[in-house]
Structures are given as C-alpha cells and as structure tokens.
Amino acid sequence: MKSHSLVVARHRDGQTILSDLRSEPPISLRPTRRGVAVVGSAAGPVGGDDAALVIEVGAHASLCMEPIAATMLFPGRCGEESRQNIRIRVGESGHLQWCGQPMLSVIGSRHLQRVQIDLAATATLDYLDWIVMGRSSEEGGRLDTELRVVREDSVILHQRQVYDAFEPGWATSAGLGRYDEVKQHLRVGPVARPTKVVSSPLQVEMVTPVLDDVELKVTLSRRPPPGTPASALDVASCEGSGEV
C-alpha cells in the first residue's frame, strides 16, 4: 500500500490555520484545537507499505502534531520491508511540536523510517521520538531510523540507528543492552541545559547540549517483569535513583 499525507499550516489574522490537510490509510489526519491529531485508520504499517507525510509550517505559524495511539509495525507475508518518509519544513518564527507516541516494532517486522526537518533561522522545534522493541515478553523486529535536522543549510543533528535484536552484540552496550524502549526528545530554540545523567533501576536519562539553543534528551527504559506490584516499583525507583 502506498500513501501520501499532507499538512500545511499558515499564520493568518493573528492565528494559525490549516490551509491544506490530506491523508490516506494507514493514517487519518484530523484537526484539533491544538493542531492535528494523527489517528490510525488501518492496521500497520505492514511489510510492503510505503507511506509519505509532508508537514509545512509557515512563518509565524505554530502547529502541534498529536499521534493518538501507538503505531504497530507488522511483518509482511514474505518478509517485505515497510517504509515511512516524513518531511517537515518550518518557516521564520514558526514552531512545530511533535508529541510522539510509541512506535512498537513487532517480532518479524522490518521497517525503514526517514525524517528530514528543515528549519528557518528563527524557527523552533519540540520533537519527541519514542520506540518500543517488541510486545510484552517478545523480541522486536528490525527498525532502521534516520533523523536529519537542518537549520539554514547547516546540519545541527544527523543520526541513524538500527534496532535489531538478532544482530550480534544487541544485548550489550553496543545495542540497547537490557532496555527495550528509547525516547529521543530534541528541542531547538530554548537555551540548552548542561549535560546531565539520571539513573534508576528501570531507566537512564541523559541530557546533552548540541548547541547553545539545541538539546537532545535520550531516555532508555525497560518494562518491569509481568506481575511486579506497583508499590515495589515505586520503592525500587526511590532507592536506586541517582545522578552522575
């Protein structure tokens, strides 16, 4: 299945309006008070799917993209790879917030995601990417992600990460180790905070300043074993937390 979706936000008469909004399965785009909700309208992506999403935020416009639920990446019948290409452009003094929900890689799936974000000199960005490898008590599939952020023709972040539980060294520090969830929160605009690492039994979080006004926060976490009482998790987190 091939699909193409488009969001165009413009600043007009002191407010942001959606001048164009189109979507095709497996997603449906719906206007909200804050911006646009991203709703799954079909299962997937499934192996063989090829989806494209273009987001344009004009000068002085502000847009919030709100995925409503987790995205499930399913395998194709013959092991085909699914693809998603996201292209984002934000104009002068424009702002985009991407409120990421989990992208869950199901065992046997193969998915390729490419995200390209182009920012004007005074544009700001709040982008959250959230990956979960496998359903409860399962390994994940293969997930190949790339994020490239450019401001005025200068690259401020370009990274590629391949998640694959069956690659050598995956269960070591070269991969995700004991963790099965990754959140990457990129902010462009506010003053970046100094480097900071916070750890607990189920999670480690690191804030890294990329530039004076660009910071990346990476959070690795693992789901507790089934049946673990909430009270035990609270105590363990309090006793084991610390900063480096």
field: Semi-axis lengths, Å, segment 76-192, gyration tensor of Cα atoms, sqrt of 5 times eigenvalues
entry: 30, 15, 12
task: With label points built 7 Å along Cα→Cβ from the Cα atoms of Q161 and A69, find their separation and express it in nm.
output: 2.5
message: Along the Cα→Cβ direction, 7 angstrom out, place labels at E146 and D20. What is the inter-label distance in nm?
response: 2.5
Residues of the chain: accessible area per residue with a 1.4 Å probe, Å²: 52
message: Could you give each residue of segment 138-150 its phi-based ³J(HN,Hα) in whole Hz, using Karplus coefficients 6.51, -1.76, 1.60 with θ = phi - 60°, and x for Gly or Pro?
response: 10, 7, x, x, 10, 10, 10, 10, 9, 10, 10, 10, 10
query: Using a probe of 1.4 angstrom, how much of the accessible area of segment 1-106 is carbon and sulfur, in percent?
result: 48
- request: Take the chain, compute every pairwise Cα distance, and split them into 5 Å bins from 0; I just need the percent in each bin.
  value: 1, 6, 12, 16, 17, 16, 14, 10, 5, 2, 0, 0
statement: Here the FRET efficiency for D212 versus S136, based on Cβ atoms and R0 = 30 Å and rounded to 0.05, is 0.15
- line: The longest stretch of the chain containing none of the trypsin sites (Lys or Arg not before Pro) that sit in a DSSP loop with at most 12 other Cβ atoms within 10 Å is 78-177
message: What does the charge count around A120 come to, taking other residues whose C-beta lies under 10 Å from its C-beta (Lys +1, Arg +1, Asp -1, Glu -1)?
response: -1
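The values are calculated or read from the model by the stated rules, or taken from the named source; none is laboratory data. Here the structure is a predicted model, which means the values were calculated and not measured. Neighbour counts are summed over all protein chains in view; Cβ atoms, including those assigned to glycine, are modelled from backbone coordinates with ideal geometry. What goes into the accessible areas is simple: the full protein's heavy atoms, side chains included, and nothing from ligands, DNA or RNA. Shrake-Rupley method; radii C 1.70, N 1.55, O 1.52, S 1.80 Å.
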